[in-house]
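The values are calculated or read from the model by the stated rules, or taken from the named source; none is laboratory data. Computed from a predicted model, the values in this text were never measured in an experiment. Methodologically, a virtual Cβ is constructed for each residue, glycine included, from the backbone with ideal geometry; neighbour enumeration extends over all protein chains shown. Just so you know, the surface numbers come from the protein's heavy atoms only, side chains and all, with ligands and any DNA or RNA stripped out. Shrake-Rupley method; radii C 1.70, N 1.55, O 1.52, S 1.80 Å.
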Protein chains: 6
Amino acid sequence: MAKKRQYPSQPDHLTALKLPLPPRSALAPDLQKYFGICDEKIGFLPNVLAAYSFDESKLRAFIGLYNNLMLDDSALSKLEREMIAVVVSAQNHCYYCLVAHGQAVRQMSGDPALGELLAMNYRAAKLTKKQRAMLDFAYKMTVTPDQVGEADREALRKAGHTDRAIWDIAAVAAFFNMTNRMATAVDMMPNEEYHAASR
Amino acid sequence: MAKKRQYPSQPDHLTALKLPLPPRSALAPDLQKYFGICDEKIGFLPNVLAAYSFDESKLRAFIGLYNNLMLDDSALSKLEREMIAVVVSAQNHCYYCLVAHGQAVRQMSGDPALGELLAMNYRAAKLTKKQRAMLDFAYKMTVTPDQVGEADREALRKAGHTDRAIWDIAAVAAFFNMTNRMATAVDMMPNEEYHAASR
Amino acid sequence: MAKKRQYPSQPDHLTALKLPLPPRSALAPDLQKYFGICDEKIGFLPNVLAAYSFDESKLRAFIGLYNNLMLDDSALSKLEREMIAVVVSAQNHCYYCLVAHGQAVRQMSGDPALGELLAMNYRAAKLTKKQRAMLDFAYKMTVTPDQVGEADREALRKAGHTDRAIWDIAAVAAFFNMTNRMATAVDMMPNEEYHAASR
Amino acid sequence: MAKKRQYPSQPDHLTALKLPLPPRSALAPDLQKYFGICDEKIGFLPNVLAAYSFDESKLRAFIGLYNNLMLDDSALSKLEREMIAVVVSAQNHCYYCLVAHGQAVRQMSGDPALGELLAMNYRAAKLTKKQRAMLDFAYKMTVTPDQVGEADREALRKAGHTDRAIWDIAAVAAFFNMTNRMATAVDMMPNEEYHAASR
Amino acid sequence: MAKKRQYPSQPDHLTALKLPLPPRSALAPDLQKYFGICDEKIGFLPNVLAAYSFDESKLRAFIGLYNNLMLDDSALSKLEREMIAVVVSAQNHCYYCLVAHGQAVRQMSGDPALGELLAMNYRAAKLTKKQRAMLDFAYKMTVTPDQVGEADREALRKAGHTDRAIWDIAAVAAFFNMTNRMATAVDMMPNEEYHAASR
Amino acid sequence: MAKKRQYPSQPDHLTALKLPLPPRSALAPDLQKYFGICDEKIGFLPNVLAAYSFDESKLRAFIGLYNNLMLDDSALSKLEREMIAVVVSAQNHCYYCLVAHGQAVRQMSGDPALGELLAMNYRAAKLTKKQRAMLDFAYKMTVTPDQVGEADREALRKAGHTDRAIWDIAAVAAFFNMTNRMATAVDMMPNEEYHAASR
């Protein structure tokens, strides 16, 4: 039988790399405060943030880009950005991102099956044409980035997306093509709390 | 926002094909009895069985092979057969099979995260060498079937599998390469009850 | 020079797996009778049936599904089902199935070159639009099963296929995606008699 | 049913391109003589030569390279060169080359099944290690040419090939990656006589 | 003949998206100062920075991550980071990144041919084993990210890389999998000045 | 740091194969004369010709085909033929051909960036519809040769190409699918002079 996995929610090291992760109390005050907000809002500190904390400047750079893309103003709703995250991660088979952002889709949409649908095959989901176009673009950027061109941008425009939305779709899809690879390359494991949440 | 999907648990037609599905009362008595056992054991009738019921001889042929592979004697445990089902379905991105057999892995293993791990990237799971070899073989059969050869069978033997187990691994992996394609080609939708079960 | 292969028409074991195959006289009477019908109609017992005979329940399950799909009522002619078998097997480079079903196409069509065309590149064959659509669907199911969707079903309908035919095309294409993988994984070798037949 | 194809053995035009092919009597005397030798040795004029005859200089350049590679001195036997031709053509699914060179393998080896094996999946054939290494190299050159490197050349040397043989294997494999693409791109159809020959 | 392209070095809009780019004088003073440093060090403002300037917060987030990865402390030299950038971009066929980072490799290495080698096929370059291992890892992360695992990390360690270096290699390779996709998706065009520089 | 490569412009052996290359003075007079014309026109002897000179008959066959395709009458301009060479070589990641023919595009077009564009991603280049169609056809022939068919030829015709031009496009694209593989398989290295030329 498969051995039961044990992923500590607050790891003191990455599973695969011997990079010591400092205790939270050793971080700069503003980062401690930011981690506290995560505790409050999410209920725990996402392991990806713990992982980056081995180097404060890397942690800040990651948070800066993540927050800008996923939380700040955008032509896309937060749910739509999470939907892109899941579809991109499904193609790259990134365990960490599928668990974490699948949960986000379940929570934000109030539709547990939608998280699974997008993680498994977004083409099976009932979506608006605008959302389907958005995910088709993110999918193509992921699997054949060199073939993306004006025809694809035109398809987005025809489905009702503005040029600003095209930038935002592209930026989120590109970002998860980065984080998927980073998470798998250093073997980040998601917090256990995600699995049962929002079912 | 994504529209909430509504999949009736006992569909009277396939979602994509206009093939009328008969009421259960119109089926032969032994099939009605079989469906009743499903109700009891699973809690509902899997939609795949409802789908095949448009033609009793097809339903019987499907049940015959399914039961033989997944429930009868085998060199593999039932959980291991479900693990293969999920890993194969993950590569083929089959929504129906991932939902249904992911639930089976969660239930049989008592480890909800394992179902997700296998559906997302089995390489991230902590498995015995014997199980990892089994899943590597199933994966290769799925993505590059023409390249499977003696070296791959030898790898299974070195990991502790008998020749009979090789047949059984191959048979289950091959079977889900059939059902994945069938489910997607006719757009079968899994019963909603799977999503929340065994979390 | 390549060594001349010697494949016994009635093997007493699989080439690659040490699973003893019983003599036909040891099988249940109905199976002996079925094998006798094969001898008569085909001229020999296909090795795939000999292979499955190591376990009678597996043999019955395989025959049950095979006969249902390839010989029973269908929206497709028997030749069309064999054409799908060959096109799917060509993509999976399955030696056993290409030899056996290539021969079936040669025999049923009375056109020896057609068997080779479909085994090599079906796009080079002169086919009706309806047949080309059927093979395009089977091809897509084989190579990118996760991308099959409503647009592909619509293409079949436009070419003149009913929804029942879509099921039948899908079922045959899916079946050979199973048997191709099984035959290669356990190294089944086709009977020598196929090679020269129907040229 | 599939329409019976009718490919004239001495076509007066390509099937897909409107390039008029001259009568043989209009060719330069040395080319007429060369075509006559083909008639004698092969029994007919291969359509590829008829196709190139629309331009005498192209015909001469093609014959020059073909004869050098396939008929002149080489570290490989003529059969081995034909084996490479078939394995490369199988990956590119080139109907013309598989028919013509599959026949050559059947004839030269005296083993009809070998031609089919190589056209379907060379890994299923019983080959010497030296031949298998040769075909593995040709296969890799065909499907992932950018990944061929010193390790692959070393594998050939370990299997007993000289550096001159490496050149010759590479040159034949490369050549059929050209002719496969040319034949498919302009839709060359093989002479019907190949199908029944050497079975 | 191909029309001569005209890419303004200081574009006032993206080529493909109608997102107005502000004049530099409209930017916050610290960003104006940063752009000034670019002018001085590089000789011009890279178009990617001009592109992001349509939104100051996005520009800051991009600069933050870029500088951290490519300019700050690392287990890799700046040249090695640029080598990874080029190898990743070659697989994704990103025109912008290949031009810009190919130039960086030419300049930093003092070896113009090295920039081309890495942009075309890094396997043809004469590299130390440690560098080759680094690029093999970046390549695998790019083309089959889901298959990266402990064996790949071990290969890096055996070639002499520390765990910190593994993080840094992964982070740079992941980053260019983001920027390649972003640049192509919004059709960023590199400054003309790159082409002739460092030849 | 990467070691500086040293590729002699007149190699006396191939880098990877121990095939002795004769001094030019040992070649037949007409070949010495041909090499002299290369010196004059190109400024040096391309290494590919030096490589083939280990066997005069192979050298003549190669020159015969090369000159016919790239220098003789054609429906395509010489620049267009070089553009196809570069686009095909980019997909096959052939270092030799990208360096040599990228330089030819730079020289013939007078547009240094065009050579890089085609070597990196031809879709980013501003081309006429006729040229784009030509390169799309060459690209498809390279990556999915088995899928090229009448629809693709029709696309060329609609873009203004004659049937003779289709032959010529196909012939050049097919040729570089041969030479790319040959150059990589035997590790040909381009002359250093190419790198700085025509920038």
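Here the contact order of region C:10-132, divided by its residue count and restricted to Cα pairs under 8 Å and six or more residues apart, works out to 15 percent. Taken about its Cα centre, region B:40-88 carries a charge dipole of about 60 debye when Lys and Arg each add +1 at the Cβ and Asp and Glu each add -1 at the Cβ. Note on region E:41-199: dipole from Cβ charges, positive end direction compared against E:117, E:103, E:173; the farthest Cα belongs to E:117. By the Cβ distance rule (another cysteine Cβ under 4.7 Å), the unpaired cysteines of chain E are E:38. Calculated FRET efficiency, residue A:147 to residue F:150, Cβ-Cβ distance, R0 = 35 Å: about 0.95 to the nearest 0.05. Using just its DSSP H runs of length 4 or more, each adding -39500 (n - 2.57), chain D gives a mean residue ellipticity at 222 nm of -19500 deg cm²/dmol after division by all residues. For the protein assembly as shown, the Cβ-based charge dipole about the Cα centre amounts to some 0 debye (Lys, Arg positive; Asp, Glu negative; other atoms uncharged). Averaged per residue, the protein assembly as shown has 36 square angstrom of accessible surface, using a 1.4 angstrom probe with ligands and nucleic acids left out. Between residue D:128 and residue E:132, the simple label model (points 7 Å from Cα in the Cβ direction) yields a spacing of 3.0 nm. Of all beta-carbon atoms in chain F, the one sitting closest to the axis that brings chain F onto chain A gives F:144, 7, with the distance in whole angstrom. Of the residues making up region D:53-78, those losing 50 Å² or more of accessible area when the isolated chain is joined by the remaining protein chains, with a 1.4 Å probe, are D:58, D:61, D:65, D:68. Against chain B, whose longest principal axis comes from its Cα atoms, helix B:29-42 is set at around 60 degrees.
When the accessible areas of A alone and B alone are added and the area of the pair subtracted, with a 1.4 Å probe, the result is around 3300 Å², both sides summed. Rounded to the nearest Hz, the phi-derived 3J(HN,Hα) couplings of region C:174-179 under the Karplus curve 6.51 cos²θ - 1.76 cosθ + 1.60 (θ = phi - 60°) are 5, 4, 6, 5, 7, 5, where x marks glycine and proline.
Legend: calculated FRET efficiency, residue C:40 to residue C:78, from the Cβ-Cβ distance at R0 = 25 Å, rounded to 0.05, equals 0.90.
Label points for residue A:132 are taken 7 Å from Cα along Cα→Cβ. From this copy to the others they lie 2.6, 2.6, 4.2, 4.9, 4.9 nm apart, shortest first. Here region C:81-199 is assigned +1 on the Cβ of each Lys and Arg and -1 on the Cβ of each Asp and Glu. Its dipole about the Cα centre then comes out at about 440 debye.
The simple spin-label model puts a point 7 Å past each Cα toward its Cβ; for residue A:199 and residue C:107 those points are separated by 5.3 nm. Carbon-plus-sulfur fraction of the accessible area of region D:84-160, 1.4 Å probe, in percent? Of all accessible area on region D:84-160, carbon and sulfur atoms account for 51 percent. 3J(HN,Hα) along region D:127-132: 10, 5, 4, 5, 5, 5 Hz, from the Karplus curve 6.51 cos²θ - 1.76 cosθ + 1.60 with θ = phi - 60°, whole Hz, x for Gly and Pro. A crude spin-label estimate for the pair residue D:71 and residue C:15, with each label 7 Å from Cα along the Cβ direction, gives 3.5 nm. Just to be sure I understand the interface: list residues from region C:109-123 that lose 30 Å² or more of accessible area between the chain on its own and the complete protein assembly, 1.4 Å probe. Buried-area filter returns C:111, C:113, C:116, C:117, C:120, C:121, C:123. Classify region D:114-199 as rounded, prolate or oblate from the Cα gyration tensor: take a ≥ b ≥ c as the square roots of its eigenvalues, call it rounded if a/c is under 1.5, otherwise prolate when a/b beats b/c and oblate if not. In terms of gyration-tensor shape, oblate. Over the Cα atoms of chain B, the radius of gyration divided by the Kirkwood radius equals 0.98; this is the Rg/Rh ratio. Given the protein chains as shown and a 1.4 Å probe, how many square angstrom of residue A:45 are accessible, to the nearest 10? Only protein atoms counted, so the area is about 10 Å².
Interface residues of region F:138-183, defined as those losing at least 40 Å² of solvent-accessible heavy-atom surface relative to the isolated chain (probe radius 1.4 Å), are listed as F:145, F:146, F:147, F:153, F:163, F:164, F:167, F:174, F:178, F:181, F:182.
Shape verdict for the protein assembly as shown, please, from the Cα gyration tensor: rounded (a/c under 1.5), prolate (a/b greater than b/c) or oblate. Oblate, since a/c reaches 1.5 and b/c is not below a/b.
Residue by residue, region D:83-96 carries 3J(HN,Hα) couplings of 4, 4, 3, 6, 5, 4, 5, 5, 5, 8, 6, 8, 4, 4 Hz when phi is fed to the Karplus relation 6.51 cos²θ - 1.76 cosθ + 1.60 (θ = phi - 60°); x denotes Gly or Pro. For region C:54-159, the spread of Cα coordinates along the three principal axes comes to 43, 33, 27 Å, biggest extent given first.
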